[in-house]
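Scroll down for the structure; my scribbles are underneath it.
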Amino acid sequence: MAPSRVEAAIYMLVGLIIGVIFHEFMHGYVAYRMGDTTAKRAGRLTLDPLAHVDPFGTLILPGFLFLLSLLGQGTFIIGYAKPVPINPFYFRKPRGIIWVSLAGPLSNLGIALIFIGLLKVFTLFEGGTFIYRVIYTCLFIGYINILLFVFNLIPIPPLDGSRIVAYFLKGEAKRAYQSIEPYGFLIVLLLVFVFGFALSAAVGGVANLILRLFGLAPIF
């Protein structure tokens, strides 16, 4: 009994909210462990959603994509929270920026693994409307967090993947690369709308791999 389009969109929206909050919290937490107290002093080392809400990224953009999903025009919902402030100069080790950048996407991968693991557990129970809804809730929360994992590793500023790439660049190459940042998210959105099928294929491939690891049939 597959969920309706409305149900699937709601499950993804819930997964997105959970994902972006943990994503930003983990950036701040790992930065704190690396010696940077900026996020803590800004009151961002918290799981309180209100501390992380970005009007456009957490409300307007997901809301727009939610409506597109309801109309059958979209296959996923994406968004972001207000970036946690960090200051790499406080890091005890120069490579701290790599670990801080990876912390967000890896937290989304961890959430996906947890919910797909729960999905596996619930498949062991007798079928019924409630169990099916729980299974699909876990599936779509897992899926949207895999999307966040893949999406944030795209190496276009200001996404997390770009921070890792920038660490290995020097001089003029680094300055030119980072100069894209003011326009980066517009570039990313354009690429997503034009080449969304490629992102969907990549996310589906990762999701199917994880499903297989849990002994579940690939469905994306």
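Before moving on, here are some points about what is shown:
- Against the list (1) closer than 17 Å to Ile77 by Cα; (2) assigned to a helix (DSSP H, G or I); (3) under 14 Å from the mean Cα position of the chain (by Cα), the condition Leu190 fails is (3).
- Matching residues in segment 116-131 - criterion: being closer than 18 Å to Phe220 by Cα and touching a Phe, Trp or Tyr at 6+ places or on another chain (Cβ under 9 Å): Ile116, Gly117, Leu119, Lys120
- Boolean, Ile10 is in a helix (DSSP H, G or I), at pLDDT 85 or above and either of a type in the set (Phe, Trp, Tyr) or surrounded by 13 or more Cβ atoms within 10 Å (Cβ to Cβ) (or both): no
Results for (1) crowded, with 22+ Cβ neighbours inside 10 Å; (2) of a type in the set (Val, Ile, Thr); (3) closer than 19 Å to Val188 by Cβ, shown as yes or no for each residue.
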{"residue": "Pro55", "(1), (2), (3)": "no, no, yes"}
{"residue": "Ala81", "(1), (2), (3)": "yes, no, yes"}
{"residue": "Ile86", "(1), (2), (3)": "yes, yes, no"}
{"residue": "Arg95", "(1), (2), (3)": "no, no, no"}
{"residue": "Val121", "(1), (2), (3)": "no, yes, no"}
{"residue": "Leu124", "(1), (2), (3)": "no, no, no"}
{"residue": "Val134", "(1), (2), (3)": "no, yes, no"}
{"residue": "Phe140", "(1), (2), (3)": "yes, no, no"}
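- From the options Gly184, Gly196, residue that is closer than 19 Å to Ala81 by Cβ and surrounded by 13 or more Cβ atoms within 10 Å (Cβ to Cβ): Gly184
- Among residues of segment 96-123 that are outside any helix (DSSP H, G or I), those with a Cβ under 9 angstrom from a residue that is crowded, with 19+ Cβ neighbours inside 10 Å and of a type in the set (A, V, I, L, M, F, W, C), sequence gap 6+ or separate chain, pair up as Thr123/Ile135.
Okay, residues lined up against (1) of a type outside the set (A, V, I, L, M, F, W, C); (2) more than 30 Å from Phe214 (Cβ to Cβ); (3) in contact with a helix residue (DSSP H, G or I) (Cβ under 6 Å, 6 or more places away or on another chain):
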| residue | (1), (2), (3) |
| --- | --- |
| Gly35 | yes, yes, yes |
| Pro55 | yes, yes, no |
| Gly63 | yes, yes, no |
| Ile77 | no, no, yes |
| Ile86 | no, yes, yes |
| Tyr90 | yes, yes, no |
| Pro94 | yes, yes, no |
| Val100 | no, no, yes |
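- Taken together, the criteria place Val203 among residues that are surrounded by 13 or more Cβ atoms within 10 Å (Cβ to Cβ), closer than 21 Å to Gly57 by Cα and either at pLDDT 90 or above or of a type in the set (A, V, I, L, M, F, W, C) (or both).
- Just one of (1) modelled with pLDDT of 90 or more; (2) more than 20 Å from Glu24 (Cα to Cα); (3) among the small types (Gly, Ala, Ser); (4) within 19 Å of the chain's Cα centre (by Cα) fails for Ala198. It is (1).
- Segment 187-220, residues that are closer than 20 Å to Ile154 by Cα and small (Gly, Ala, Ser): Gly196, Ala198, Ser200, Ala201, Ala202, Gly204, Gly205, Ala207
- Qualifying residue in segment 20-27 (condition: aliphatic (A, V, I, L, M) and either touching an Asp or Glu at 6+ places or on another chain (Cβ under 8 Å) or more than 23 Å from Ile141 (Cβ to Cβ) (or both)): no
The values are calculated or read from the model by the stated rules, or taken from the named source; none is laboratory data. Keep in mind that what you see is a predicted model, and the values were worked out from it rather than measured. Note: ideal-geometry Cβ built from the backbone for every residue, glycine included; neighbour counts use all protein chains shown.
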